[in-house]
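The values are calculated or read from the model by the stated rules, or taken from the named source; none is laboratory data. Source: prediction; values computed, not measured. Backbone-built Cβ (ideal geometry, glycine too); neighbour counts: all protein chains shown. We work out accessible area using only protein heavy atoms, side chains counted, and drop any ligands, DNA or RNA first. Shrake-Rupley method; radii C 1.70, N 1.55, O 1.52, S 1.80 Å.
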Amino acid sequence: EKNRPLVTATIVNDQAAHTILIPGEDGQQIFISNEEIRASYSVVNGFATIEIPDHVWYENIENITEESMSVTLLPYVKTASRQKPMDPITYDIVIPLSPIKLVTPEQLYTEVTTAMYSMLFNVRPESRVTINGVDVSDTVNENGELTYNATVQPIGDNVYHVSVRSPYCRDNSMTVTLFREVQEI
């Protein structure tokens with residue numbers, strides 16, 4: 001239908017985004033009133049063109065685990081005297097999972113004999129990483145490598161819960177268990 005907004009998935013700055021074309025009369029101003037996007041767009045060639053990176057909708061939500069979410073734009077037509085609300089525009093976005101790869105050890109469950117064991121992970125640079133609740137983000141290098149020197153007690157299973165939040169992604173986690181035999185004293 002000619003007077004309906006058109007929503008298409010696109011890429012902006014290498015990130016998932018959506019382009020919304022809102023029909024109107026040339027020269028009209030369309031104002032988006034969401035707290036995430038407060039901006040005016042001019043109607044040119046019959047449409048106001050709005051490009052919105054998907055991450056603006058969820059980047060400030062802590063502990064986000066949903067794979068997708070439905071978002072709603074709240075557009076208004078601005079005239080000299082007032083703002084006239086238009087129909088809300090709702091669409092779905094996919095929220096990518098923060099990448100995390102275990103390099104060393106090769107398995108999530110590994111038997112070790114030493115009191116110290118160096119684990120190596122690959123994450124996206126600038127990720128927020130916690131291991132057993134301790135923030136180790138400052139140890140991620142510019143290539144996204146994280147080395148964690150685990151203290152391995154002689155108690156059997158030593159469990160390390162690794163949680164990652166990369167820019168423009170949802171939380172991801174992994175559990176690594178290092179088994180060290182119980183030692184008699």
In whole percent, what relative contact order does region 94-174 give with Cα contacts below 8 Å and a gap of six or more residues?
38 percent
Treating only Lys and Arg (+1) and Asp and Glu (-1) as charged, each at its beta carbon, one finds that the chain has a dipole about its Cα centre, in Debye to the nearest 20, of 720 debye
Which one of R128, R170, R38 has the biggest mean-square fluctuation once the chain is modelled by GNM with Cα springs under 10 Å?
R38
Going by Cα centres, region 82-135 and region 1-30 are how many Å apart?
31 Å
Estimated dipole of region 72-156 in Debye, rounded to 20 [Cβ of Lys and Arg +1, of Asp and Glu -1, Cα centre]:
640 debye
Of L73, V56, T151, farthest towards positive along the dipole that unit charges on Lys, Arg, Asp, Glu beta carbons give the chain
L73
What translational diffusion coefficient, in µm²/s and rounded to a whole number, does the Stokes-Einstein relation yield for region 40-171 at 10 °C and a viscosity of 1.306 mPa s, taking the hydrodynamic radius as the Kirkwood radius over Cα pairs?
86 µm²/s
In Å², nearest 10: area of S68 left accessible to a 1.4 Å probe:
60 Å²
Over the chain, give the accessible area per residue in Å² for a 1.4 Å probe, as an integer.
60 Å²
Here the relative contact order (percent) of region 39-185, from C-alpha pairs under 8 Å and at least 6 apart, is 23 percent
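Roughly speaking, what % of Cα-Cα pairs in region 105-185 are separated by over 18 Å, rounded to a whole number?
Roughly 42 percent, once rounded to a whole number.
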